[in-house]
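The values are calculated or read from the model by the stated rules, or taken from the named source; none is laboratory data. Since the model is a prediction, treat every value here as computed from it, not as a measurement. Cβ placement follows ideal geometry from the backbone for every residue including glycine, while neighbour counts extend to all protein chains displayed. Surface areas here come from the heavy atoms of the whole protein model, side chains and all, with no ligands, DNA or RNA. Shrake-Rupley method; radii C 1.70, N 1.55, O 1.52, S 1.80 Å.
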Amino acid sequence: MRVLQIVANIGIKSGVSSFIMNVYRNIDKKRFQFDFLVSRKVNESYEKEILQLGGRVYYMPDPLSLHLFSACSYCSDFFLRHSKEYPVVHLHSPTMARMTVFYAKKAGIKKVIIHSHSTNFSTNICKRIINSVLVSKVSKCGTDFWYCSPEAGEFLFGKKIGTYVPNAININSFRFDEKIYQDKRLQLGIAIDQKVVCHVSNFSPLKNINFLIPVIQNVVEKEPKNWKFIFIGDGPDRSKFEYKLAKMGLSENCVFVGFQPCPASYLHASDIFVLPSISEGAPVSLLEAQASGLRCIVSDHVTRTVNVTGVSYLPLEYGLWVQEILNTKSNEKVNRIIDNDVMQKSVFNINCLIDQIMDLYEDGVSDNFVSIN
């Protein structure tokens, strides 16, 4: 069964694309194959891996730029030509629903999945209004509705609709390794007895990274030699954030390592994970941090459905975060491994989730399609 994944881009820095690829790598290739319909081409993408795994990549005009009508025309023609080929179409960018899966449903494709991965469109008011209009009738464009957290489901579909399909990761790849812990600290110039706080994100406004500036300042003022802060990722707010820290004389306490396809070694070298987001669907970074056995401190805007190992949820008040960080003891190495064992048994283990996803794809369509290679 070929499943068509529709997504804005297949960039390696995209959390949604990473989720799709995690499923793709683990799904039974004797039963399923993924193809991709993409609206925006980026330089660093999963395209080569997709082709190696047997998938196809189609590029359409971007409907959210100046190519709205050409995108609609492209999709109308595409689904008329390929309707027999795809019993399942899976959209991960709901703002494109009217320009993409609307035509898939019209062409008679039996299962049209719309997947909510977010609880907020943007911090920009104009973008938020436009996106709200684009998804206002999204339920009419699909047949099935998935969400990564109850909050993400309610945000897009309302309270009583949809199927919970949690984000999931390869838990074992984040299992704590003391040698990696020591080697990475040595590489980064961090002493074994120093405490390390890490943050992983795309440095977008929704991640609220600037909230951490006074937090870092206060922690360092109290214990200047004891603390290091590692920042993993890249994005629009990174350069300004880095500049502000330097201006305040905090550069020596902060390490920026840029985007890392797999941040496991940096998580191993850390003690505490922080995420002060304004909103979150179901952050993969928090799952990875828990699988690494880190003590996690996040804003109370983050969904509690991803709390497996004992996450600390705090309101966005600087003093509380400073106190929580200073009072948090490093997790014992044996406990870090125990946390990984707990995560292995959770719904966020890709090995547990993959069977559910395959069943959902096949439900109602497995007996009614012709396999086309």
Inset, instruction - Name every residue in segment 101-150 that is closer than 19 Å to residue 8 by Cα, open to solvent by less than 60 Å² (accessible area, probe 1.4 Å) and of a type in the set (Val, Ile, Thr), in order of residue number. - result: 101, 112, 113, 114, 119, 135, 138
Legend entry - Boolean, residue 142 is on the phi > 0 side of the Ramachandran plot and part of a loop (DSSP other than H, G, I, E, B): no
Legend entry - Residues of segment 219-250 satisfying the condition of being farther than 17 Å from residue 198 by Cβ and either in a helix (DSSP H, G or I) or β-branched (Val, Ile, Thr) (or both): 221, 222, 239, 240, 243, 244, 246, 247
Inset, instruction - State yes or no: is residue 152 more than 30 Å from residue 265 (Cβ to Cβ), part of a helix (DSSP H, G or I) and of a type in the set (Gly, Ala, Ser)? - result: no
Inset, instruction - Name, by its number, the condition in (1) of a type outside the set (A, V, I, L, M); (2) in contact with a strand residue (DSSP E or B) (Cβ under 8 Å, 6 or more places away or on another chain); (3) touching a residue at least 40 places away in the same chain (Cβ under 8 Å); (4) open to solvent by less than 50 Å² (accessible area, probe 1.4 Å) that does not hold for residue 268. - result: (2)
Legend entry - Checking residue 181 against (1) within 30 Å of residue 124 (Cα to Cα); (2) in contact (Cβ under 8 Å) with a residue 40 or more places away in the chain; (3) in contact with a His (Cβ under 6 Å, 6 or more places away or on another chain), the condition it does not meet: (1)
Legend entry - residue 139 being among the polar types (S, T, N, Q), modelled with pLDDT under 90 and over 16 Å from the mean Cα position of the chain (by Cα): yes
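For every residue, the table says whether it meets (1) closer than 20 Å to residue 209 by Cβ; (2) not acidic (Asp, Glu).
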residue: 312; (1), (2): yes, yes
residue: 315; (1), (2): yes, yes
residue: 318; (1), (2): yes, yes
residue: 324; (1), (2): yes, no
residue: 355; (1), (2): no, no
residue: 359; (1), (2): no, no
Legend entry - Exclusive hit being small (Gly, Ala, Ser), closer than 27 Å to residue 221 by Cβ and surrounded by 19 or more Cβ atoms within 10 Å (Cβ to Cβ), set 299, 312, 292: 299
Inset, instruction - Give the residue, chosen from 180, 190, 216, that is open to solvent by less than 40 Å² (accessible area, probe 1.4 Å), in a helix (DSSP H, G or I) and out of contact with any Gly (no Cβ under 7 Å at 6 or more places or on another chain). - result: 216
Inset, instruction - Would you please list the contacts, defined by Cβ atoms under 8 Å and residues six or more apart or on different chains, that run from a residue in segment 192-219 that is over 19 Å from residue 263 (Cβ atoms) and free of Cβ contacts under 8 Å to residues at least 60 places away in the same chain to a residue that is acidic (Asp, Glu) and open to solvent by 30 Å² or more (accessible area, probe 1.4 Å)? - result: 210/237
Legend entry - Selection from segment 151-166 of residues that are touching a residue at least 60 places away in the same chain (Cβ under 8 Å) and open to solvent by less than 40 Å² (accessible area, probe 1.4 Å): 152, 156, 165, 166
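One line per residue, one yes/no per condition, for (1) out of contact with any helix residue (DSSP H, G or I) (no Cβ under 8 Å at 6 or more places or on another chain); (2) open to solvent by 30 Å² or more (accessible area, probe 1.4 Å):
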residue: 226; (1), (2): yes, yes
residue: 247; (1), (2): yes, yes
residue: 262; (1), (2): no, yes
residue: 276; (1), (2): no, no
